[in-house]
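Structure record follows, encoded as structure tokens.
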Amino acid sequence: MCLGRHREAIQLCEQAENTFAQLAIPEFEIARVRLVRALIYRNLDRMDEAAVLAREAANCFREYGDTRRYTIARMTQSAILQETGRQQEALGVWQELHSIHDLDASTRVAITLDLGNCYRELGDADKAIEHISSAAAEYELLGEMVYAAKGRWALAATLVSAGRSGDAVPIFRTTWKLLENLGMEADAALVGLELAEALLMSGHADDVPAICRSLLDRFTRAGMTSRAINALAFLREAIAVGQAEPTLVRHVHDFLRRLPAESTRLTSARAQRLDD
């Protein structure tokens with residue numbers, strides 16, 4: 001699955017499930033296999049099947065009293081619901097998980113962040129900011145700086161969506177530098193573009209040309225794809241002739257995010273890491 005060899009991964013899931021079915025009490029082990037299959041189906045964009053499998057696995061884990069795996073399965077299900085636009089259903093799951101008290105700290109904070117992101121998608125900016133701010137601060141206390149940076153990024157994006165671009169600018173600046181220091185060049189570039197967009201939206205465009213030059217130089221030195229470099233070069237030229245608008249910056253941002261080398265699924269990664 002992690003190598004992207006999905007056909008083989010599904011075959012191995014089938015083999016594992018058939019083998020576990022020979023046990024006297026197979027349900028728990030089969031549920032573990034079905035959760036892995038749900039992650040594979042999610043990567044294959046078979047979202048409806050993935051959501052059903054994750055829910056079935058969660059039901060089994062709950063019956064066996066395994067809160068940890070129940071939580072992982074429900075997190076997977078809720079992430080899938082969000083990706084398919086079923087935000088209200090996802091919100092119910094995140095709220096349920098947020099009310100569970102006996103979770104480890106990292107999982108609890110991850111749920112808080114995802115709940116905040118769900119509130120943002122539903123347009124409830126106040127609750128989104130409350131939960132995302134809390135998660136970012138907790139990640140810092142836990143020393144999980146990658147996720148702390150992701151939390152700050154989500155907070156700044158939420159402020160922009162709430163019409164508070166000026167408040168988002170200093171958070172974007174800090175997050176950009178933090179991601180660069182962590183060696184996360186692709187994510188840092190995306191944050192840099194969101195910073196440029198926020199500056200344009202708040203009427204402070206003076207720093208935007210320097211940001212675009214910095215991003216282009218870094219991408220070139222890092223040997224990023226020609227498509228990424230061309231997109232940034234196009235944006236820089238547009239800025240040079242005074243034609244840069246927030247929508248153009250967002251267009252380049254979304255283009256870079258869609259590049260295969262820069263796509264990630266953090267929730268899936270968390271689930272895979274936790275269920276080893």
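The values are calculated or read from the model by the stated rules, or taken from the named source; none is laboratory data. Model, not experiment: these values are computed from the prediction. So basically every Cβ, Gly included, is an ideal-geometry build from the backbone, and we count neighbours across all protein chains shown. Side chains are part of the model used for accessible areas, which takes the heavy atoms of the whole protein and leaves out ligands, DNA and RNA. Shrake-Rupley method; radii C 1.70, N 1.55, O 1.52, S 1.80 Å.
Annotations
- Think of the chain as having a plus end and a minus end, set by charges on the Cβ of Lys, Arg, Asp and Glu; of Cys212, Met184, Leu199, Cys212 sits farthest toward the positive end of this dipole.
- Summed over the residues of the chain and divided among them, the accessible surface reaches 49 Å² per residue at a probe radius of 1.4 Å.
- Considering segment 86-167 at the alpha-carbon level, its Rg and Dmax are found to be 12.3, 38 Å.
- About its Cα centre, the dipole of segment 162-221 is roughly 80 debye, where the only charges are +1 on Lys and Arg Cβ and -1 on Asp and Glu Cβ.
- Summing charges over all other residues whose Cβ lies under 10 Å from the Cβ of Ala188, with Lys and Arg as +1 and Asp and Glu as -1, gives -1.
- Compactness check for segment 154-207: Cα Rg over 2.2 N^0.38 Å is 1.05.
- Alpha carbon centroid spacing (whole Å) that separates segment 118-178 from segment 1-46: 35
- In the frame of its principal axes, segment 1-139 has Cα extents of 51, 30, 24 Å, reported largest first.
- From helices alone, the chain scores -26000 deg cm²/dmol at 222 nm; the rule is -39500 (n - 2.57) for each run of n ≥ 4 DSSP H residues, then divide by the residue total.
- Peptides 20-32, 204-216 ordered by average Cβ neighbours within 10 Å, highest first: 204-216, 20-32
- With R₀ fixed at 30 Å, the C-beta to C-beta distance from Arg250 to Lys127 puts the FRET efficiency at about 0.75.
- Efficiency of FRET between Asp45 and Arg213 - r from beta-carbon atoms, R0 35 angstrom, step 0.05: 0.40
- Shape annotation for the chain: C-alpha extents along the principal axes are 72, 39, 32 Å, from largest to smallest.
- By average C-beta atoms within 10 angstrom, highest first, the peptides 184-191, 137-144: 184-191, 137-144
- The C-alpha radius of gyration of segment 132-237, expressed as a fraction of 2.2 N^0.38 Å, stands at 1.08.
- For segment 32-104, diffusion coefficient by Stokes-Einstein and Kirkwood Rh (Cα), 20 °C, 1.002 mPa s, µm²/s: 178
- FRET efficiency for Arg7 and Ser226, using Cβ-Cβ distance with R0 set to 41 Å, rounded to 0.05: 0.85
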